[in-house]
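First comes the structure, then the notes that go with it.
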Amino acid sequence: MSSPETQASEPTIHDGLKGVVAAKTQIAEVDGQNGKLTLRGYDISSLSGNVTFEEVCYLLWHGKLPNRAEYDTLRAEMSAARELPEATLATLRACAPHAEGMDILRIGASTLTIGDPESAWPINAPADVENALRRAARLQAQMAAIVAHSYRLGEGKEIVHPKSEHSVAQGFLYMLEGTEPSKARVAGLNAYLVAVAEHGFNASTFAGRVIQSTNSDMVSALTGAIGALKGWLHGGVPGPVLDMLDEIGSEENVQPWISAALDRKERIMGFGHRVYQVRDPRAALLSEAADKMADETGDHHLLNLIKIVEQTTVDELEKRKPGNKLRANVELYAALILHAVGIPSEIFTPVFAIGRTSGWTAHILEQMPKSLIIRPESIYGGPRDLAFVPMDERA
């Protein structure tokens, strides 16, 4: 016969839901042991440098790469959606001078339901699916416009209206600056957007799926995902990576700086990942893109510095903790590529959100037909049987 202690034993708590499998997905596989990222069956390395960001969006949403007609249709849908609704523009004009990047992105994104009510909740027919897919394409286009317009308005400048012929990467840089960007910069930003488009059940993606599981709308789920990405532990590292490089300054200062930081038990920015036990495959892709950009611009200083920082950090950690698996993550080279493209560091995370919108919306679409709300349980650990005391008698 089991004892009372056995009968009352508590289930295992998985802090941070580590090791908990919440769902089966067909969108992405993150292989942390082998350092592989697969999108809809394609290794990310086979896509990088070979596809546009729009092709990856189509792949994530539809489960296949588009043919020419499908690609042209998607480009047209995105182009038509790039002009933001008046309610959204009015909100950005009122708030951008007083809010930082991720705050204004969250505020702006939440207005996209105004005058555009959702009708596909829940999905009951093929027409509802098509409506939701078109909605994902519109939101993807609108996110880039919100980030570009917010930045300009925050700088006291007027917005730059988009051009219909531009891709997401080209159009974003044009709306941000008001001039046609070089092909090298467009290629660099396209490589970045492809690399960060999707990454499994990360915190922001899971937040979006939880919201969608309540039969809420796509904009609400997207807004929740933006709020999660704002957190420093999730999307806010590329800026601090640049600050670290500025502090290091020169190649000869890398070794003493890294050694001193580790002596102080400080975190080295751009290293470590919740899933990957080896080098983040996206870091390799962005390193290659950064090589191409450096060859175009002739400026190899930061690229060389980052490579030395990466190798020195790995070597130093191995000396101190043999077998240590802390390796470079996507943020290390994301900082470099975004800087080389000319993106202001204060909007690094909002630009991350532009790329990740494709993955967020893909997961929201996948979650829509499910009828079960995501609702984990918890274990109560507080006091019990407290006696009520009237206010005037409380200490």
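A Förster radius of 56 Å combined with the Cβ-Cβ distance from residue 184 to residue 24 puts the calculated FRET efficiency at roughly 0.90. Checking the cross-link pairs 183/230; 183/265; 163/307; 292/325; 230/370 against a 32 Å limit on the alpha carbon distance flags 183/265; 163/307 as lying beyond it. Suppose a student asked you for the relative contact order of segment 167-306, using Cα pairs under 8 Å spaced at least 6 residues apart; what percent would you report? Across segment 167-306, relative contact order equals 23 percent. The listed residues 379, 354, once ranked by accessible area (1.4 Å probe) with the largest placed first, stand as 379, 354. Computed in the context of the full set of protein chains, the accessible area of the chain at 1.4 Å probe radius has 52% of its extent on carbon or sulfur. For segment 291-307, putting each phi into the Karplus relation 6.51 cos²θ - 1.76 cosθ + 1.60 with θ = phi - 60° gives couplings of 4, 5, 5, 5, 5, 5, 8, x, 9, 9, 4, 5, 4, 4, 5, 5, 4 Hz, in residue order, rounded to whole numbers and with x for Gly and Pro.
Solvent-accessible surface (1.4 Å probe) assigned to residue 296 amounts to roughly 130 Å². Of [x] 273; [y] 162; [z] 230, which is the value of volume of the Cα convex hull per residue in Å³ derived from the coordinates here? It is the value labelled [z]. Based on C-alpha pairs under 8 angstrom that are at least 6 apart in sequence, the chain has a relative contact order of 23 percent. Ligands, DNA and RNA are left out, and with a 1.4 angstrom probe the accessible area of segment 131-234 is 32 Å² per residue. Dividing the summed -39500 (n - 2.57) terms of all DSSP H runs of n ≥ 4 by the residue count of the chain sets its mean residue ellipticity at 222 nm at -17500 deg cm²/dmol. Computed from Cα atoms alone, the Kirkwood hydrodynamic radius reported for segment 1-109 is 19.0 Å. Rounded to the nearest 20 debye, the dipole size of segment 1-116 about its Cα centre is 220 debye, using +1 on the Cβ of Lys and Arg and -1 on the Cβ of Asp and Glu. Note on exposure: 295, 217 ranked by accessible area (1.4 Å probe, complete protein assembly) read 295, 217, with the most exposed listed first. Between residue 87 and residue 346, the contour length at 0.36 nm per residue exceeds the alpha carbon distance by 90.8 nm.
The values are calculated or read from the model by the stated rules, or taken from the named source; none is laboratory data. Since we're looking at a predicted model, the values are computed, not measured. For neighbour counting, all protein chains shown are included, and Cβ atoms are generated from backbone atoms with ideal geometry for every residue, glycine included. The area values use the complete protein model at the heavy-atom level, side chains included, leaving out ligands, DNA and RNA. Shrake-Rupley method; radii C 1.70, N 1.55, O 1.52, S 1.80 Å.
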